[in-house]
Amino acid sequence: MAKTKTTFFCQSCGSQHAQWIGQCKTCKEWNTIVEEVIEKEEKRAWKTPENVVKKVSKPLKVQDIQVNTEERVVTQNNELDTVLGGGIVKGAVVLLGGEPGIGKSTLLLQIALNIPQKVLYVSGEESQSQIKMRAERLQSTNSNCLILTETSTQQIFKNIEQVQPDVLVIDSIQTLHTSSIEASPGSISQIRETSAELIKFAKETGTPVLLIGHINKDGHIAGPKILEHMVDVVLQFEGDRNHTYRILRSQKNRFGSTAELGIYEMLSTGLREVSNPSEILISKKDADLSGTAIASTLEGVRPLMIEIQALVSTAVYGTPQRSTTGYNLKRLHMILAVLEKRAGFKLGAKDVFLNVTGGIHVDDPAIDLAVVAAILSSNQDMAINPNVCFAAEVGLAGEIRPVSRIDQRIIEAEKLGYETLVASKYNKIASKNHSIKLLLVGKIEEAFATLFA
């Protein structure tokens, strides 16, 4: 029998301690140390096949290293392929996290049913009949998708040897356990060991592995932080369960950009890809209302048109309120200070509420001018022409600063039918043959005089 010993792990960062302590010495969190019994064995769930030849690495000069083109598995899901950088790289391990009920299992099952390659979908949370009911609701059947209900990694790898799948899906990593460790599923040591076995399998066989991860009450993926470091890609599925739209973000991607964004709409038949995000980010209204402005922003390489809503009212209480949704509150304070100091608008005694519609959070400074326009529109109670959009940054001196990739923003505004785009006169615009009217300004006062003349 293997020797059994007791160790203590931090549930927040996964660090190991010799004894229980109140505060973790690594991450400084309180009351996160738990005791786990570990039984170490030489036997592991995944054994390297005899036909797999391990390559011996040797140091090479940079100019002597040969770069091979990465083979990718196209998922037939354009939004996910865009976020991943063109598809799933063979041998990559992708971790997908999100709130309970947000649609993680639905997304990966939908992908597993549509991929032409052979897929093994392993579920530790649902029975095969439950998954069949979901597949029928998705109205997609794929004879190449095999369903397995199992939580033991030893049994999973036995089935993998028989099936030889091209893609492996695990739902979820917190439900798996290995017999080499005497600990309950979902514990720090079990998550670390089972994920290490799956990563070893993916790298040695070149089989892509898609993992679903639970999150804790703080919104982080449950388990040790080292899990996110070990995998190749970390995706976050965001959204409100009370709304139909979901946003897929990339927090880590070794094979592509982390600035990409995927948008879905949750329907009774599954997740629908939203190819034109502006349709959900701009509200439909019959009458022109004050306090709204359209901004042109970029998420990765994708230009988006978003709607900024502002409400400015006299402060009833002594201290004016400042509240934002989807926008940085500190940046709003800076813009209000610029408007008061540089442009002469007295907003210090007024409540200001700002909202980016569609449930999206934007950090692009190019929406500053749209924020200013929405605030001034609400303050003056004068509506902005709905065919006008904005793309410029506001500086501390009150100047309108240029933004990157202005030509992409202009083309997107033209495509969506906007007639005027307000931008900085210091922008270097490559093409002059645009059907949209370009209103180039240098200061906030110029923009205000033009819009509210």
Open item on the list: Can you give the log10 of the normalised intensity I(q)/I(0) at q = 0.10, 0.13, 0.15, 0.16 Å⁻¹, computed with Debye over equal Cα scatterers of the stretch 185-306?
Closed with: -0.46, -0.71, -0.88, -0.96
Task: Helix 104-114 axis, angle to the chain major axis (alpha carbon atoms, nearest 10°) - done: 80 degrees
Open item on the list: Please compute the Kirkwood hydrodynamic radius over the chain, one decimal place, Å, based on all pairs of different Cα atoms.
Closed with: 25.1 Å
TODO: Using the 4.7 Å Cβ rule, please list in number order the cysteines from the chain without any candidate partner.
DONE: Cys145, Cys389
Open item on the list: Between helix 153-163 and the chain, what is the angle of the helix's C-alpha long axis to the longest principal axis, kept within 0 to 90° and rounded to the nearest 10?
Closed with: 90 degrees
Task: Inter-part distance where the stretch 344-411 and the stretch 158-224 are each reduced to a Cα centre, Å - done: 45 Å
- [ ] With a point put 7 Å past each Cα toward its Cβ, work out how far Lys217 is from Lys252 in nm, to one decimal.
- [x] 2.5 nm
- [ ] List, in the order given, every pair from Lys58/Lys252; Lys415/Lys443; Lys203/Lys225; Lys61/Lys252; Lys61/Lys428; Lys58/Lys118 whose Cα-Cα distance in the structure shown is over 30 Å.
- [x] Lys61/Lys428; Lys58/Lys118
TODO: Could you tell me which of Asn78, Val441, Ser152 has its Cα farthest along the dipole of the chain towards the positive end, charges placed at Cβ (Lys, Arg +1; Asp, Glu -1), taken about the Cα centre?
DONE: Val441
Open item on the list: I want the antiparallel fraction of DSSP beta bridges within the chain, as a percent rounded to 5.
Closed with: 55 percent
Task: Orientation-averaged projected area, Cα convex hull of the stretch 407-453 (nm²) - done: 3.4 nm²
- [ ] Treat every Asp and Glu Cβ in the stretch 333-379 as -1 and every Lys and Arg Cβ as +1, leave all other atoms uncharged, and give the resulting dipole magnitude about the Cα centre to the nearest 20 debye.
- [x] 280 debye
- [ ] Taking the Cα atoms of the stretch 307-453, report the difference between the largest and smallest coordinate on each principal axis, in whole Å and largest first.
- [x] 52, 31, 25
Task: Estimated translational D of the stretch 277-377 in µm²/s (Stokes, Kirkwood radius over Cα pairs; 4 °C; 1.567 mPa s) - done: 92 µm²/s
TODO: Measure nothing but the geometry: give the 0 to 90° angle between the long axis through the Cα atoms of 329-341 and the longest principal axis through the Cα atoms of the chain, rounded to 10°.
DONE: 10 degrees
Open item on the list: Suppose every Lys and Arg Cβ carries +1 and every Asp and Glu Cβ carries -1, with no other charges. What dipole size does the chain come out with about its Cα centre, to the nearest 20 debye?
Closed with: 940 debye
Task: Debye intensity ratio I(q)/I(0), log10, the stretch 105-189, q values 0.10, 0.15, 0.16 Å⁻¹ (C-alpha model) - done: -0.25, -0.55, -0.61
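Where a number appears in this text, it was derived from the coordinates with a stated rule and is not lab data. Computed from a predicted model, the values in this text were never measured in an experiment. Neighbour counts run over all protein chains shown; Cβ positions are idealised from the backbone, glycine included.
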